[in-house]
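Heads up: the structure comes next, in structure tokens.
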4 protein chains.
Amino acid sequence: MNPQDVPEPPVAPWHPPSYTVDRHGKVAGARPRRANNWGRWGADDQKGTANLVTDDTVRAAAATVRTGRRYPLGLPIGGPPTGAVPRAMVVRTATTADGVVAPTTAHPAYSDDLLIMGTQTYTQLDGLAHVADRDTLYNGYWSGLVTAAGGARRLGIHHLIDGIVGRGVLVDVARHLGVPVVPPGTVIGPALLDAVLRATGTAVGPGDVLLVRTGVLGSWDGVAGSLGTSPQAGLDVSCVPWLARHDVSLVGADNSAVEALDATAGSWRIPLHLAALRDLGLLLAELLCLDELADACAADGVWEFMFVTLPLPLVGGVGSPINPLAIR
Amino acid sequence: MNPQDVPEPPVAPWHPPSYTVDRHGKVAGARPRRANNWGRWGADDQKGTANLVTDDTVRAAAATVRTGRRYPLGLPIGGPPTGAVPRAMVVRTATTADGVVAPTTAHPAYSDDLLIMGTQTYTQLDGLAHVADRDTLYNGYWSGLVTAAGGARRLGIHHLIDGIVGRGVLVDVARHLGVPVVPPGTVIGPALLDAVLRATGTAVGPGDVLLVRTGVLGSWDGVAGSLGTSPQAGLDVSCVPWLARHDVSLVGADNSAVEALDATAGSWRIPLHLAALRDLGLLLAELLCLDELADACAADGVWEFMFVTLPLPLVGGVGSPINPLAIR
Amino acid sequence: MNPQDVPEPPVAPWHPPSYTVDRHGKVAGARPRRANNWGRWGADDQKGTANLVTDDTVRAAAATVRTGRRYPLGLPIGGPPTGAVPRAMVVRTATTADGVVAPTTAHPAYSDDLLIMGTQTYTQLDGLAHVADRDTLYNGYWSGLVTAAGGARRLGIHHLIDGIVGRGVLVDVARHLGVPVVPPGTVIGPALLDAVLRATGTAVGPGDVLLVRTGVLGSWDGVAGSLGTSPQAGLDVSCVPWLARHDVSLVGADNSAVEALDATAGSWRIPLHLAALRDLGLLLAELLCLDELADACAADGVWEFMFVTLPLPLVGGVGSPINPLAIR
Amino acid sequence: MNPQDVPEPPVAPWHPPSYTVDRHGKVAGARPRRANNWGRWGADDQKGTANLVTDDTVRAAAATVRTGRRYPLGLPIGGPPTGAVPRAMVVRTATTADGVVAPTTAHPAYSDDLLIMGTQTYTQLDGLAHVADRDTLYNGYWSGLVTAAGGARRLGIHHLIDGIVGRGVLVDVARHLGVPVVPPGTVIGPALLDAVLRATGTAVGPGDVLLVRTGVLGSWDGVAGSLGTSPQAGLDVSCVPWLARHDVSLVGADNSAVEALDATAGSWRIPLHLAALRDLGLLLAELLCLDELADACAADGVWEFMFVTLPLPLVGGVGSPINPLAIR
């Protein structure tokens, strides 16, 4: 190891883009794909499918509660990391043990923590500023609005301060296929979603929260680096029109990216992210713990529940760690 | 400013404590105050009043939802700080703007954040490892179990992974007294709580979540340092037996510490914290935004609602930022 | 405080720049100002005036040591902050006190810290990727090379891994003017620099480190927010040709920005930064503690010394906290 | 992965220690081992062997500079990590690329970093509060003085604000033995140190800085986790009296812990740390890059040089990242 031997990162030619950005922060002339919600809730909408959560859908969601049993869907933070690089630290800035060694007991002893974590690690909600395609974000906002110093000047996750509450529906693909974990490469498309829903006699409607179980997280051995963005089963990009047609407010899964991650090394492709977040404004929840919930649903044959997730209202943030809850 | 002129912190004599700690991490012979829940849910209980949240109380809480209207109770994070020292930063580790200046568009552009914040800043939940009295925590656990390297070896906030869900009751003391903000020094004791509840025709029962509105946060001018631990109205320590008798699962307020902070400079006293967290195992939620919720309750005279808070399940953590939700 | 009342940051129209960037990461056709070092040490130079530090100048610097007395020039970190927002935290991740409360003594007790700080806070070295002018950095590199995800792909501070070592010369402007602190608005231009050097019989030559004392830091009352970027005496931009002509390797001062900060609210102007860092590749050291060193120089009339600063070799970093040393 | 399946950390009985602590923060009756410097520089000394750096030794160190050639000894930070868990992050809080996408150019574009790193990772200086033995630190200070909330109330690394400057002597054990890397298990004791010094005709005296080259860092393959605290060659604890007798101000090496780390899994033993830091107050520098320096020394047969290291003056800190410099 020679201290001067730090490799230079590659640089390459750059040509300025040909578009302009208007005074609303929109890329002039930008167009979404066919399935999209641009403009549906106003030209300045920043909430996307969170708009599908209405008083009516919330009330209906609460009405699905029958037993009152809760199923937390979040990974313990500080438990198994989700990739090669641990990205969460909880550091103590004071401890009650300090009080044991304090010379006086004039003040009560207390503990305090400092949390340092990637907002998109462990169980997480992807906000609408998370991914861009052809330099545009949801609703036509320019990807250049998300900067190091300014954060997300539009589409910040704090717009989701009132959370996502909805009737949740679990689609247990692994159980339907009779496998502990859906193998990478399996196409989870609209036909398979429909087949599982038909088999469980469950319908999905506007504002609902769709949760898809692949078995990936539950069968993970917990070895750092073995999950991350390894090849995993997940939704195929062909689900996008289906998701749009069913008008779900959020789609979540027990894998790294909701969508399938393929095996081709180096080809990091996330077409469903782009279509969902950018075109539909559809929120994504990743690395959900769905096994216990699935067992309960299978036991009584009821695959719907009240779903609640309350992201941290980080001003200008692009995502949030979450600990969603299902109540049956 | 002379670089060597760093003052030496004071040190003082220390004598070892006279107690011993048993193999369960309990201080031998430790006793709680009269109103307490030690042992009530088992000698090894680590959840305190979260045990009062049962399937039945959750089901009943969901049944209070009438309109489906949501009221988020969390402060935006990165908005006005809560004290002299800002303790939350959201830092971007990648931005979609990076994509605008990227030489190629081989990969989709994405944004990512790193969150750095005190877990007990902004709207927050105090966990049971947060404060100690006479070297003991809730249920007799030793305060020495919370260390810098080990975190909270018992009573970590991850034990609250299934959140607090309950029938919430708002006690709007400021409105009852006809003031925008209850002045510091006002005693908010059991009599005043009962008076407000009587006036609104509302009862509080086992597992309920009690929220107390003082007007402190709503009348705060947002100037850093002006809130913090300044003198503020809050619950008087005489409320403790009342809280124990009513068996609430959580008590929250729109001020810094739930309890009253008095004006005597330097005398940082938090007797209700000690009695609630250590003796009762009663969870505390601080810096709640209650004004909108209060207006809605006053408008239709219904002061109950479904309350949900989902702390981050930080393993060995002593608190969590929260964004609680009331659903009416 | 209403949780939804987070103001939207302004956005504005944007037109793409008219330039292109070549395969070396340079802005095509970019030109520096008249006084500049672009190309002087090669088209791909990333060290700027650090190139003026040679074996010969280092040897000559060591030869200035006469007494061996050391003068540390760095602010204690965690002492008085340098602006409104404290930007340094030292957090313990383990403490030897943990050992006092450890049940066994199988392992030695140890302490560990986590440092969280802005690299350009407290006493600091500005690297060559720190400021851009008309989208170019030193040597014509494009400002777009410094991104959130990639850091400084060129001109990273790790290129200064062998530090700046040189013959230091102190120009004590405050003492020369007979004031404890040079008042804001005072023009410290070439004539004044020459006058002080003449009065002290000192010359400045190639590779030397020029330190300018204004009294600003020494007269600061330590109140957070009172220093920061408040109006302060400092070098006038007219010094740039003088600095270029004398070929100094680094210029430092006991104020926030080396250069003068004027009183006009809101008009954050740093012309000397732009000319020094971007055109000359001249390194800047800020918030140096110069009072003790100045007293020693005044006492014996010798205003030269060996200067050493060793920035942290942060790969792709744009600055570093430093604790420079003068040895007389 | 079941969210509730977080294992409980073990707890164990605890008995209070039998000692008391006096008003100076000293453990009553504590005794160092035979080779020690307790009291040598006063009962309240907090600098240990940094006291051996005097005006005379600094002047003599400067006099060793012959060529002016510099050899940086610090690992690039953000280059290969030093253990299984990367513990340094440099995060951008502003980038000049932000300026490219800024709607106006009213303000100059600038970049800023936030540094997050363990102070005892990468090339590092162990401060005197780093390790304790039998609840005592150097000079008899109580290990309980280093707490989460208070940091190091005594022996903080800011006491080393004027750095360690000295005549450095390189003992190249690997080269002497004719191996690229000294194998784990090799005893590097006083006899071997003396043999190398004799072979190179070099003496070590009071205030000198002793650097020992094992080849460990240079032969490391850079794979995360492969260095850390794996079995490594290093100084044997039998060197302690030798180090005391030669009165060196600092001892450093190109391995993880200066001392040998043995192969016995789970038996984390650091006897030289305890004797050096706690008894002698002798500073340790770890993970130094010594290969280039060694090649230069071997080429001309001169094994002495000027050594400078300037730790960050972290108030109450227990260590510091460093980038030491050797000047030949």
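The values are calculated or read from the model by the stated rules, or taken from the named source; none is laboratory data. None of the values given here were measured: they were computed from a predicted structure. Here Cβ is always computed from backbone atoms with ideal geometry, including for glycine, and neighbour counts include all displayed protein chains.
Mind listing whichever residues of the stretch A:295-309 are among the aliphatic types (A, V, I, L, M) and either more than 7 Å from every other protein chain (Cβ to nearest Cβ) or under 21 Å from A:His273 (Cα atoms) (or both)? Steps first, please.
Within the stretch A:295-309, the first condition is being among the aliphatic types (A, V, I, L, M), and the residues that meet it are A:296, A:298-299, A:302, A:306, A:308.
Result: A:Ala296, A:Ala298, A:Ala299, A:Val302.
Could you grab me the full set of residues in the stretch C:107-129 that are more than 7 Å from chain D (Cβ to nearest Cβ) and either farther than 20 Å from C:Pro72 by Cβ or of a type outside the set (Phe, Trp, Tyr) (or both)?
Result: C:Thr121, C:Thr123, C:Gln124, C:Leu125, C:Asp126, C:Gly127, C:Leu128.
Condition test on D:Gly166, is it in contact (Cβ under 8 Å) with a residue 12 or more places away in the chain, within 13 Å of chain A (Cβ to nearest Cβ) and more than 21 Å from D:Trp38 (Cα to Cα)? Quick ask: steps written out before the conclusion?
On the way: in contact (Cβ under 8 Å) with a residue 12 or more places away in the chain: yes; within 13 Å of chain A (Cβ to nearest Cβ): no; more than 21 Å from D:Trp38 (Cα to Cα): yes.
Against the criterion (in contact (Cβ under 8 Å) with a residue 12 or more places away in the chain, within 13 Å of chain A (Cβ to nearest Cβ) and more than 21 Å from D:Trp38 (Cα to Cα)), D:Gly166 does not qualify.
Just checking, which of B:Leu325, B:Leu227, B:Leu277, B:Leu283 is touching a Leu at 6+ places or on another chain (Cβ under 7 Å) and either modelled with pLDDT under 95 or more than 14 Å from chain A (Cβ to nearest Cβ) (or both)?
On inspection, the qualifying residue turns out to be B:Leu283.
Give the stretch D:61-88 a look and list any residue that's more than 7 Å from chain C (Cβ to nearest Cβ) and modelled with pLDDT of 80 or more, or say none.
Listed by number, the residues that qualify are D:Ala61, D:Ala63, D:Thr64, D:Arg66, D:Tyr71, D:Leu73, D:Leu75.
Could you check the stretch A:272-313 and list, in sequence order, the residues that are outside any helix (DSSP H, G or I) and either without any contact (Cβ under 8 Å) to a residue 24 or more places away in the chain or of a type in the set (S, T, N, Q) (or both)?
Of all residues in the stretch A:272-313, those outside any helix (DSSP H, G or I) come to A:281-290, A:301-313.
Of everything in the stretch A:272-313, just one residue is outside any helix (DSSP H, G or I) and either without any contact (Cβ under 8 Å) to a residue 24 or more places away in the chain or of a type in the set (S, T, N, Q) (or both), namely A:Thr309.
Could we say that D:Thr49 is crowded, with 16+ Cβ neighbours inside 10 Å, more than 12 Å from chain C (Cβ to nearest Cβ) and not in a loop (DSSP other than H, G, I, E, B) here? Give the derivation first.
Numbers: crowded, with 16+ Cβ neighbours inside 10 Å: yes; more than 12 Å from chain C (Cβ to nearest Cβ): yes; not in a loop (DSSP other than H, G, I, E, B): yes.
It is true that D:Thr49 is crowded, with 16+ Cβ neighbours inside 10 Å, more than 12 Å from chain C (Cβ to nearest Cβ) and not in a loop (DSSP other than H, G, I, E, B).
So which of A:Val65, A:Val58 is buried (at least 18 other Cβ atoms within 10 Å of the Cβ) and not in a loop (DSSP other than H, G, I, E, B)?
Numbers: A:Val65 fails: not in a loop (DSSP other than H, G, I, E, B).
Every option except A:Val58 fails the conditions.
Being at pLDDT below 95 and within 14 Å of chain A (Cβ to nearest Cβ), is that true of even one residue in the stretch B:18-34?
Yes, the conditions are met somewhere in the stretch B:18-34.
Taking the stretch C:314-328 as the region of interest, how many residues are outside any strand (DSSP E or B), at negative phi and small (Gly, Ala, Ser)? Reasoning before the result, please.
Residues of the stretch C:314-328 outside any strand (DSSP E or B): C:315-318, C:322-324, C:328.
Narrowing the set further to residues that are at negative phi leaves C:315, C:317-318, C:322-324, C:328.
Then keep just the ones that are small (Gly, Ala, Ser); that gives C:317.
The number of residues fulfilling the criteria is 1.
Select from the stretch C:3-17 the residues that are closer than 17 Å to A:Ala149 by Cβ and at the interface with chain D (Cβ under 9 Å from one of its Cβ atoms) and list them in ascending order.
Scanning the stretch C:3-17 gives C:Pro10, C:Val11, C:Ala12, C:Trp14.
Against the conditions (1) under 25 Å from B:Leu274 (Cβ atoms); (2) within 14 Å of chain C (Cβ to nearest Cβ), where does B:Gly140 fall short? Just the number, please.
The failed condition is (2).
Hey, D:Ala43 hits all of (1) in contact (Cβ under 8 Å) with a residue 24 or more places away in the chain; (2) within 14 Å of chain C (Cβ to nearest Cβ); (3) surrounded by fewer than 15 Cβ atoms within 10 Å (Cβ to Cβ); (4) not β-branched (Val, Ile, Thr) but one; which does it fall short on?
With (1) in contact (Cβ under 8 Å) with a residue 24 or more places away in the chain; (2) within 14 Å of chain C (Cβ to nearest Cβ); (3) surrounded by fewer than 15 Cβ atoms within 10 Å (Cβ to Cβ); (4) not β-branched (Val, Ile, Thr) applied to D:Ala43, the lone miss is (2).
Residue-by-condition table, conditions (1) over 22 Å from D:Val248 (Cβ atoms); (2) among the aromatic types (Phe, Trp, Tyr):
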residue	(1), (2)
D:Trp142	yes, yes
D:Arg154	yes, no
D:His159	no, no
D:Val165	no, no
D:Leu170	no, no
D:Gly178	yes, no
D:Val181	yes, no
D:Pro184	yes, no
D:Val187	no, no
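Taking the condition in a helix (DSSP H, G or I) and under 30 Å from A:Ile322 (Cα atoms), does B:His176 pass? Outline the logic, then answer.
Details: in a helix (DSSP H, G or I): yes; under 30 Å from A:Ile322 (Cα atoms): no.
No.
Kindly indicate which of D:Val173, D:Val165 is within 21 Å of D:Gly319 (Cα to Cα) and β-branched (Val, Ile, Thr).
On the way: D:Val173 fails: within 21 Å of D:Gly319 (Cα to Cα).
The unique qualifying residue is D:Val165.
Suppose we filter D:Leu155, D:Leu197, D:Leu217, D:Leu177 for residues that are hydrophobic (A, V, I, L, M, F, W, C), surrounded by 23 or more Cβ atoms within 10 Å (Cβ to Cβ) and at pLDDT 95 or above; which single one remains?
So the residue among D:Leu155, D:Leu197, D:Leu217, D:Leu177 that is hydrophobic (A, V, I, L, M, F, W, C), surrounded by 23 or more Cβ atoms within 10 Å (Cβ to Cβ) and at pLDDT 95 or above is D:Leu155.
Looking at the stretch B:92-114 only, could you name the residues that are polar (S, T, N, Q) and part of a loop (DSSP other than H, G, I, E, B)?
Passing the criteria: B:Thr95, B:Thr104, B:Thr105, B:Ser111.
For the stretch C:114-137, give me each residue that is closer than 17 Å to C:Leu277 by Cβ and of a type in the set (S, T, N, Q). Reasoning before the result, please.
To start, the set of residues in the stretch C:114-137 that are closer than 17 Å to C:Leu277 by Cβ comprises C:119-120, C:124-137.
Within the stretch C:114-137, C:Thr119, C:Gln120, C:Gln124, C:Thr136 qualify.
Any idea which of (1) over 24 Å from D:Leu310 (Cβ atoms); (2) modelled with pLDDT of 95 or more; (3) of a type outside the set (S, T, N, Q); (4) assigned to a loop (DSSP other than H, G, I, E, B) is the one C:Arg269 doesn't satisfy?
Unmet for C:Arg269, out of (1) over 24 Å from D:Leu310 (Cβ atoms); (2) modelled with pLDDT of 95 or more; (3) of a type outside the set (S, T, N, Q); (4) assigned to a loop (DSSP other than H, G, I, E, B): (2).
A quick yes/no check of all residues on (1) outside any loop (DSSP other than H, G, I, E, B); (2) within 24 Å of B:Leu310 (Cα to Cα); (3) touching a residue at least 60 places away in the same chain (Cβ under 8 Å):
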residue	(1), (2), (3)
B:Ile116	yes, yes, no
B:Gln120	no, yes, yes
B:Asn139	yes, yes, yes
B:His158	yes, yes, yes
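Kindly indicate which of C:Leu325, C:Leu293, C:Leu283, C:Leu314 is within 23 Å of C:Ser238 (Cβ to Cβ), of a type outside the set (Asp, Glu) and crowded, with 23+ Cβ neighbours inside 10 Å.
Just one listed residue meets the conditions, C:Leu283.
Report yes if D:Val182 is in contact (Cβ under 8 Å) with a residue 24 or more places away in the chain, more than 14 Å from chain C (Cβ to nearest Cβ) and out of contact with any Phe, Trp or Tyr (no Cβ under 7 Å at 6 or more places or on another chain), otherwise no.
yes
Hey, any hits in the stretch A:257-271 for a residue that's within 14 Å of another protein chain (Cβ to nearest Cβ), touching a Phe, Trp or Tyr at 6+ places or on another chain (Cβ under 9 Å) and either over 30 Å from B:Ala63 (Cα atoms) or basic (Lys, Arg) (or both)?
Yes, the stretch A:257-271 has at least one match.
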